[in-house]
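See structure below.
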Amino acid sequence: MHLSSDEVIFWQAGFIKLNGTIVTTWLLMLILTIGAKLITRNLAQNNAEISRWQSLLEVIVTLLKQQIAEVGLKQPQKYLGFLGTLFLFIATANLLTIFPIYEPPTGSLSTTLALALAVFIAVPLFGIQEQGLTGFLKTYLEPTAIMLPFNLISELSRTFALSVRLFGNMMSGSMILAILLIITPFVFPIVMTLLGLLTGMVQAYIFTILATVYIAAAAEICDLKTDN
Amino acid sequence: MLIDWFTVAAQLLNFVILIALLKRFLYQPILQALDAREHRISAELSEADAKKQQAQAEYEQFCQKNQEFDLQRAELFKTASEEAKTERQRLLTEARIEADNLRSQRQQALAQEVEVLMTSLTRQIQTEVFAITRQVLTDLADVNLENQMIAVFMEKLRSSDPEIVSVLKNTATPLLLRTAFTLSEAQQLEIQQTIAKIAGSEIELQLTTEAKLISGIELSSVGQKIVWTLADYLGNVENNLKNLLQQHIDVDKPEKHPTEFSKRAAEDVS
């Protein structure tokens, strides 16, 4: 029994290794890309000809846009690529836990840390894009310069919190499921799987919404300035 | 160690690649499709609005035209009604005038017929009465009517009636003696002598026989006439016949018994 799919190593050459997390991630990337490609290759314009899959994708994209806009970002299309991918990746990774031998890459702290790092990098990038480097750096000195260390700690800790929250939830779900399979192999694991699905979706939503809030916080000052 | 830094880097890279892939294959086409559809729907809505406005305008125009048409129709109907009324009045008037003319013509024709009938009837009666009288006098009294009439005529002349004397004395032209029967020469001579005696001089006398006098004798000068016929006696009979015929004519007159046509005409006029 292992805590993370990182421990399943298929191939290794020095520090370069091909573990279960990476392979599963590639698999997910393939599924998402090929699925998107298949659905969007023949997009219908007429309402009567729209397929169910196209409707599904349109609903997802529209919902994501709405959510991003509701948090306070005025141009949701600009952030849709990053935040939407974050949600779709985590949600898909978590949804596939219904397959017995599948281990979600989100159950690996390396993956969740990588995603949290992505947010950690994206927030200043979007902030700088919105208000410039100086303007963004000034936000760390607000309300006073004394707050600089606290702001930096806050940045780091929220990134760490993001990664650990997702990892903890997903890993614990997988662990509980594995333990229950050993103790009570019938019926009960199914209920736990359902619970795991719910937890997975909630975690995907939380991760994305938090990332959106962080980005919105970085871009908010600029928006306020623009408003003024 | 839960964190494998190589895996972290690899996952970070994977995530960036996934962002690029999904942007390319998912968000871009879907957003474009949504935008295109929104534009299309917006265009369709705009077009629908335009069509609705156009339809509204056309509807208002149609309503206005309809109202105008109704007004025109009412006006035309009114005009036509008035024209029809006028035409009916004219036709009724014409018909009434024509009917009056016809009635008048008929009455005239009837009056003429009555006149002719009366004349014919009177003559016939006179002839019959004269014939019967003559026959009766001949058969029962063995008297000739004409002779007796001449005798009475002569008696009248001799009685020196002032009227007759005046006629005979004042005449300057030949006297005309018309009789319904032919006078014998003796009778002619006797009459001539009697007249000469009364007038005091010889007077030329022209004798003519006219059947229409019906057993009568008529002595006439210019503007004066002495008549001695059955016509005076038959006057009452003629008057009675005339009255009887007049009664029949009056019964047939439309004024007293209006026909259906005149009744309707009266109703229409009212």
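The values are calculated or read from the model by the stated rules, or taken from the named source; none is laboratory data. Everything numeric here is computed off the predicted structure, so don't read it as measured data. Every residue, glycine among them, receives a Cβ derived from its backbone with ideal geometry; neighbour counts consider all protein chains shown. Accessible surface is based on the protein model in full, side chains and every heavy atom, while ligands, DNA and RNA are left aside. Shrake-Rupley method; radii C 1.70, N 1.55, O 1.52, S 1.80 Å.
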(request) For region B:109-125, indicate whether the set of residues that are loosely packed, with under 12 Cβ neighbours inside 10 Å, at pLDDT 90 or above and of a type outside the set (D, E) is non-empty. (result) yes
(request) Name every residue in region A:176-195 that is farther than 14 Å from A:N94 by Cα and not β-branched (V, I, T), in order of residue number. (result) A:A178, A:L180, A:L181, A:P185, A:F186, A:F188, A:P189
(message) Could you tell me how many of the residues in region B:173-188 are out of contact with any strand residue (DSSP E or B) (no Cβ under 8 Å at 6 or more places or on another chain), surrounded by fewer than 15 Cβ atoms within 10 Å (Cβ to Cβ) and not charged (D, E, K, R)?
(response) 2
(request) Could you grab me the full set of residues in region B:27-44 that are of a type outside the set (D, E, K, R) and open to solvent by less than 90 Å² (accessible area, probe 1.4 Å)? (result) B:Y27, B:P29, B:I30, B:L31, B:A33, B:L34, B:A36, B:I41, B:S42, B:A43
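Yes/no matrix, rows are residues, columns are (1) within 14 Å of chain A (Cβ to nearest Cβ); (2) open to solvent by 100 Å² or more (accessible area, probe 1.4 Å); (3) free of Cβ contacts under 8 Å to residues at least 40 places away in the same chain:
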residue: B:S46; (1), (2), (3): no, no, yes
residue: B:Y59; (1), (2), (3): no, yes, yes
residue: B:F69; (1), (2), (3): no, yes, yes
residue: B:Q72; (1), (2), (3): no, yes, yes
residue: B:L91; (1), (2), (3): no, no, yes
residue: B:A99; (1), (2), (3): no, no, no
residue: B:Q105; (1), (2), (3): no, yes, yes
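Residues checked against (1) farther than 28 Å from A:T92 by Cα; (2) of a type in the set (A, V, I, L, M):
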{"residue": "A:L148", "(1), (2)": "yes, yes"}
{"residue": "A:N151", "(1), (2)": "yes, no"}
{"residue": "A:E155", "(1), (2)": "no, no"}
{"residue": "A:G168", "(1), (2)": "no, no"}
{"residue": "A:Y214", "(1), (2)": "no, no"}
(request) Consider B:R24 carefully, then state whether it is away from chain A (no Cβ under 14 Å) and either open to solvent by 100 Å² or more (accessible area, probe 1.4 Å) or in contact with a Gly (Cβ under 7 Å, 6 or more places away or on another chain) (or both). (result) no
(request) Only helices (runs of 4 or more DSSP H) wholly contained in region B:140-219 count here; list those with 3 or more residues that are touching a residue at least 60 places away in the same chain (Cβ under 8 Å). (result) B:145-158
(message) For region A:7-64, which positions are outside any helix (DSSP H, G or I) and closer than 26 Å to B:L12 by Cα?
(response) A:V8, A:I9, A:F10, A:W11, A:Q12, A:A13, A:G14, A:F15, A:I16, A:K17, A:L18, A:N19
(message) Yes or no: region A:37-48 includes at least one residue that is within 27 Å of A:E130 (Cβ to Cβ) and either touching a Gly at 6+ places or on another chain (Cβ under 8 Å) or of a type in the set (S, T, N, Q) (or both).
(response) no
(request) Can you work out which of the residues in region A:63-77 that are closer than 14 Å to A:L88 by Cβ and open to solvent by 40 Å² or more (accessible area, probe 1.4 Å) is nearest to the other protein chains (Cβ to nearest Cβ)? (result) A:K65
(request) May I ask you to list pairs of residues, at least six apart or on different chains, whose Cβ atoms are under 8 Å apart, with the first in region A:86-107 being within 14 Å of chain B (Cβ to nearest Cβ) and the second being polar (S, T, N, Q) and in a loop (DSSP other than H, G, I, E, B)? (result) A:G107/A:S4
(request) Give the residue that is farthest from A:M171 (Cα to Cα), with candidates limited to residues of region A:1-26 that are more than 10 Å from chain B (Cβ to nearest Cβ) and touching a Phe, Trp or Tyr at 6+ places or on another chain (Cβ under 9 Å). (result) A:V23
(message) Give me the residue from region A:29-50 that is within 14 Å of B:A33 (Cα to Cα) and open to solvent by less than 50 Å² (accessible area, probe 1.4 Å) and, out of that set, nearest to the chain's Cα centre (by Cα).
(response) A:A36
(request) Keeping to region B:1-16, report how many residues are surrounded by 14 or more Cβ atoms within 10 Å (Cβ to Cβ) and in a helix (DSSP H, G or I). (result) 9
(message) Of the residues A:I128, A:I146, only one is part of a helix (DSSP H, G or I) and more than 30 Å from A:T106 (Cα to Cα); which?
(response) A:I146
(request) Would you point out the residue of region A:115-156, among those that are out of contact with any helix residue (DSSP H, G or I) (no Cβ under 8 Å at 6 or more places or on another chain) and of a type in the set (S, T, Y), that is least open to solvent (accessible area, probe 1.4 Å)? (result) A:S154
(message) I need the full set of residues from region A:95-114 which are outside any helix (DSSP H, G or I) and in contact with a helix residue (DSSP H, G or I) (Cβ under 8 Å, 6 or more places away or on another chain), in order please.
(response) A:Y102, A:E103, A:P104, A:S108
(request) Given the conditions (1) open to solvent by 40 Å² or more (accessible area, probe 1.4 Å); (2) facing chain B (nearest Cβ under 10 Å), report the number of the one that A:T111 does not fulfil. (result) (1)
